[in-house]
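*Asks:* Please find one structure pasted underneath; my questions will follow.
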Amino acid sequence: MNRITKTAFGLASGLLATTALSNVAAAEDLTLCWAAWDPANALVELSKDFTKETGIGMKFEFVPWTNYADRFLNELNSKGKLCDLIIGDSQWIGGSAENGHYVKLNDFFDKEGIKMSDFVDATVVGYSQWPKNTPNYWSLPAFGDVVGWTYRKDWFANPDIQKAFKEKYGRGLAVPATFAELKDIAEFFQKREIDGKTVYGASIYTERGSEGVTMGVMDVLYSFGFKYENPDKPYEMDGFVNSDKSVAGLEFYKALYDCCTPPGASNSYMGEGIDAFKSGQVALHMNFAFTWPGLQKDESVGGDKVGFFANPKGPDGEQFAQLGGQGISVVAYSDKQDAALKYIKWFATADVQKKWWSLGGFSCLKAVVEDPGFAASQPYAQTFLDSMAIVKDFWAEPSYASLLQASQKRFHDYVVAGQGTAKEALDGLVKDWTEVFEDDGKM
Amino acid sequence: MTDANATILERAAETAARATPAPVAKRVRALSDRAVAWLFIAPTMVLLLAINIFPLIWAIQLSFTNYRANRPNEPVRNVGLQNYERILTDSDTWLAMQATAHFVFWTIVLQTLIGFSLAYLIDRKFRGHAFWTTVILVPMMLSPAVVGNFWRFLYEPQIGLFTYIVSFFSGIPPSDIAMLSSVKLAPWAIIIVDTWMWTPYVMLICLAGLRSIPDYIYEAAEVDRASPWRQFWSITLPMALPFIMLAVLFRGIENFKMFDMVNLLTGGGPGSTTEVASITLKREAFEKWRTGFSSAFAIILFVAVFGLANIYVKVLNKVKSR
């Protein structure tokens, strides 16, 4: 064999060996799919312990929120094998269960002694069960989340601002107890000069493309008395979705948008809200709880400058908040279901859940959130507990995407574009949703 | 071709023929010219059938069903013309068509006027005209994704350069100039960006038209003492008209299916103010997952564009033959 042939043979063998070894490694790796956001980074950190314990490598596929649903629902619908584990949005549970995308976990939970009663009830219903309120589990609650508020504690504590507010409203400037008070505060701060800078009242959800404006509107509507359907007759929506109380709630949201948001905030969701608050533009900021650790740590608006509060009460004293968050599921098309179930078993343990919380993940395990030290563990921990106690969620039906797109259009048309009245928007929504359920054969 | 070159080519052909394995050469020689022609066309035909014709036929078939791509396990039911009926009687569809018509009409008007004017000026061949032609062409060389994103920043009410300039000249506070959030301004915001980006394209086609007019026609007009104004109306415009109409056709078809720029700038908002037909179609197909319904919508749009374009081409041919 001449020298060139020997070299070529050596190179080929090396390449073959490298490829084979990398395939062996890849065969043991699990891919976890989730949204690209701060908690995902915490999960990467947390999962290193799983790899240490089991030798199973973890790969991650994170997609920005704006494409998260499109990307992963496409993946599931096409029966793709990209994800072995998926942390899917709470509203996907119906479709993913009925279309066979997720592995049903009941037998696994029984075998491994994982009890759903160990998790916060609202998260079990919201993230794991389908049909709702039945003991059929498709996910393990992974990340508790809820819409709440942050505010500029330093501005609220400023004596000059306090004085001006008292002169105008006859009460002290404090965390609002009702939505009416919240609007007063937002109006008060709108276009106010603070430290030589014009600031605005509130950042709220107005995004049109995915789910933003619906999450914001529903977050307010629940406390005004909105109901999705007749509690005694499922899918009967007329008189509930478009009740007088719901109309008042929607009118309130529009009034809040018109009076008190920063200029150009017509397509604002989680990211835009964070930017508005971090840049010192707004006094109040509606957002999911996942944003709180980052805001608390922020150098310019964090620390003592930021405060947190749960959704205030509506006109009749009702108090609810929009549920966010997700459960972790095993994808039915994965070839590595055993390893994926190992991960879920590991993730459900109390020690891992405690570490998850310490890294910035919002644990749903009662042992963590009901620990006596939990409320004081972070400045936002008590607000998280208060908020999780009052959650409601959007439809989780298999047709949730159509239901969501209908509400996105109706709410954005009314709130942002000012087309029609609140009553017309909600009547239209009843019509759209009825059409969807009729198509599904549920009405 | 020189003799030397011909000899080189002949030799190369001879070498290639010798290199072809005998059985293959024999088989190829046995084929008729027509068969060889088909052999060459076949890959293109197969590709065309696979990526154009087959999906079209499939979409037509799906448009008569209730198929949803996100429910693979559900039985697919034939719904006849129900999808078409729903689309054509849905007020939201007509609002989307109105938004599309508004966008198409104004972009074509502005791009044709400005594009032709620029072409007319560039055609004067002043000093540095080649440089200015290149400068004017830059916007159309950019990616629509880049253009959309960067105009979004230019339109920002608090930090946008466009807003600042408008505020500087009009005295209106920048925070009150919400180009993308205002129901009245948002459709125009998109028209401005599309016009900025695609006017050079219209200019280029018009310039080709102007340069194709022979000089002797103008010389004859000068001899007849026709004024520059008369020359423009009687020579320049009629002779450049087929080119202008071609530019209008290209821009019309392109803007009828406009998606990227609108999606990046407003996403169809505020509300549904700028929700052009392609945005509605995308929402139906990939957000609501109504595959059958969206296929019907796509077919309606296709027929509309195809029909209008055909009528227009006939008119164009008449103008050319005059």
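*Asks:* Please average, across the residues of B:175-183, the number of beta carbons from any other chain that are within 10 Å of each residue's own beta carbon, and give a whole number.
*Replies:* Working: counts 6, 1, 2, 4, 1, 3, 10, 3, 6.
That works out to 4 on average.
*Asks:* Another question, if that's okay. From the cross-link list A:Lys104/B:Lys282; A:Lys305/A:Lys366; A:Lys233/A:Lys442, which pairs have alpha carbons spaced over 22 Å apart?
*Replies:* From the list (A:Lys104/B:Lys282; A:Lys305/A:Lys366; A:Lys233/A:Lys442), the Cα-Cα distance tops 22 Å for A:Lys104/B:Lys282; A:Lys305/A:Lys366.
*Asks:* How many Cβ atoms of partner chains, on average, are near each residue of B:264-274 if near means within 10 Å of its Cβ?
*Replies:* Working: counts 0, 1, 4, 8, 5, 13, 11, 15, 7, 5, 1.
Mean partner-chain Cβ count within 10 Å for B:264-274: 6.
*Asks:* Pop a pseudo-label 7 angstrom from the Cα along the beta-carbon direction at both B:Val315 and A:Asp371 and give the gap in nm to one decimal.
*Replies:* Spacing of the two 7 Å Cα→Cβ label points: 7.4 nm.
*Asks:* Ignoring ligands, DNA and RNA, please state the percent of accessible area on the protein assembly as shown from carbon and sulfur, probe 1.4 Å.
*Replies:* 61
*Asks:* Let me ask you something else. Once you charge only the Cβ atoms, +1 for Lys and Arg and -1 for Asp and Glu, what is the size of the charge dipole of the protein assembly as shown about its Cα centre, to the nearest 20 debye?
*Replies:* Rounded to the nearest 20 debye, it is 2600 debye.
*Asks:* Could you pull the Cα extents of region B:83-321 along its three principal axes, largest to smallest, in whole Å?
*Replies:* Taking max minus min along each principal axis of the Cα atoms, region B:83-321 gives 66, 47, 26 Å.
*Asks:* In square angstrom, what is the accessible area per residue of chain B with a 1.4 angstrom probe?
*Replies:* On a per-residue basis, 59 Å².
*Asks:* Which of the peptides A:73-85, B:130-142 is most tightly packed, and how do the rest follow, going by the mean number of other Cβ atoms within 10 Å of each residue?
*Replies:* On the way: A:73-85: 19.0, B:130-142: 12.8.
Top to bottom by mean Cβ count within 10 Å: A:73-85, B:130-142.
*Asks:* If one computes the Cα centroid of region A:240-266 and of region A:394-418, what distance in Å separates the two points?
*Replies:* 14
*Asks:* Between B:Phe150 and B:Asp90, what length in nm is gained on full extension when 0.36 nm per residue of separation is reduced by their alpha carbon distance?
*Replies:* Values: separation 60, 0.36 × 60 = 21.60 nm, distance 3.48 nm.
Residue separation times 0.36 nm, minus the Cα-Cα distance, leaves 18.1 nm.
*Asks:* Per residue of A:397-407, what is the mean number of Cβ atoms on other protein chains within 10 angstrom of that residue's Cβ?
*Replies:* Partner Cβ neighbours, averaged per residue: 3.
*Asks:* May I ask you to order A:296-304, A:150-158, B:168-176 by the average number of other C-beta atoms within 10 Å around their residues, highest value first? Don't skip to the end; give the middle numbers.
*Replies:* Numbers: A:296-304: 13.6, A:150-158: 19.3, B:168-176: 12.0.
The peptides rank, most packed first, as A:150-158, A:296-304, B:168-176.
*Asks:* Follow-up question, since we're still on this one. Need the list of lysines near B:Lys318 for cross-linking: C-alpha distance under 28 angstrom, and skip anything on the same chain fewer than eight residues off.
*Replies:* B:Lys257
*Asks:* Given only helices, namely DSSP H runs of n ≥ 4 each adding -39500 (n - 2.57), what is the per-residue ellipticity at 222 nm of the protein assembly as shown, to the nearest 500 deg cm²/dmol? Spell out each step's value before the answer.
*Replies:* Details: 35 runs with 439 residues, N = 765.
Dividing the helical sum by the residues of the protein assembly as shown leaves -18000 deg cm²/dmol.
*Asks:* Please work out the C-alpha center-to-center distance from region A:183-221 to region A:46-105 and express it in whole Å.
*Replies:* Cα centres, region A:183-221 to region A:46-105: 33 Å.
*Asks:* With a 1.4 Å probe, what is the total accessible area buried between chains B and A, in Å² rounded to the nearest 100?
*Replies:* About 2500 Å² of accessible surface is lost on pairing.
*Asks:* Something else: Taking the alpha-carbon centroid of each part, what is the distance from region B:39-84 to region A:268-338 in angstrom?
*Replies:* One Cα centre to the other: 42 Å.
*Asks:* Cα-based Rg of the protein assembly as shown per 2.2 N^0.38 Å, rounded to two decimals?
*Replies:* The protein assembly as shown yields a ratio of 1.16.
*Asks:* What percent antiparallel are the DSSP beta bridges of the protein assembly as shown, to the nearest 5? Each step should come with its number before you reach the end.
*Replies:* Values: 26 of 40 bridges.
Restricted to the protein assembly as shown, the bridges split so that about 65 percent are antiparallel.
*Asks:* By average Cβ neighbour count within 10 Å, what is the ranking of B:302-310, B:199-207, A:389-397, B:44-52 from highest down?
*Replies:* The most tightly packed comes first, giving B:199-207, A:389-397, B:302-310, B:44-52.
*Asks:* Give me the log10 of I(q) over I(0) for region A:18-133 at q = 0.22 Å⁻¹, as the Debye formula computes it from C-alpha points; what are the numbers?
*Replies:* -1.46
*Asks:* Same structure again: Using a 7 Å offset from the Cα along the Cα-to-Cβ direction at both A:Ile194 and A:Asp316, what is the distance between the two label points in nm, to one decimal?
*Replies:* Label at A:Ile194, label at A:Asp316, 3.4 nm between them.
*Asks:* Need the full-extension length gain, A:Phe62 to A:Lys431, defined as separation in residues times 0.36 nm minus the C-alpha distance. One decimal, nm.
*Replies:* Extra length from A:Phe62 to A:Lys431 when fully extended: 129.2 nm.
*Asks:* Can you bin every Cα-Cα distance in chain A into 20 Å intervals starting at zero and give me the percent of pairs per bin, rounded to whole numbers?
*Replies:* 24, 52, 19, 4, 1
*Asks:* Could I ask something else about it? Nearest 5 is fine: what % of DSSP beta bridges in chain A come out antiparallel, could you say?
*Replies:* Taking every DSSP beta bridge with both residues in chain A, the antiparallel ones total about 65 percent.
*Asks:* For an R0 of 25 angstrom, estimate the FRET efficiency from the Cβ-Cβ distance between A:Lys132 and A:Glu236 and round to the nearest 0.05.
*Replies:* On the way: r = 17 Å, r/R0 = 0.67.
Calculated value: 0.90.
The values are calculated or read from the model by the stated rules, or taken from the named source; none is laboratory data. All values reported here derive from a predicted model rather than from experimental measurement. As a convention, Cβ positions derive from the backbone with ideal geometry for all residues, glycine included, and neighbour counts pool all protein chains shown. Heads up: the accessible areas ignore ligands, DNA and RNA and are worked out on the full protein's heavy atoms, side chains in. Shrake-Rupley method; radii C 1.70, N 1.55, O 1.52, S 1.80 Å.
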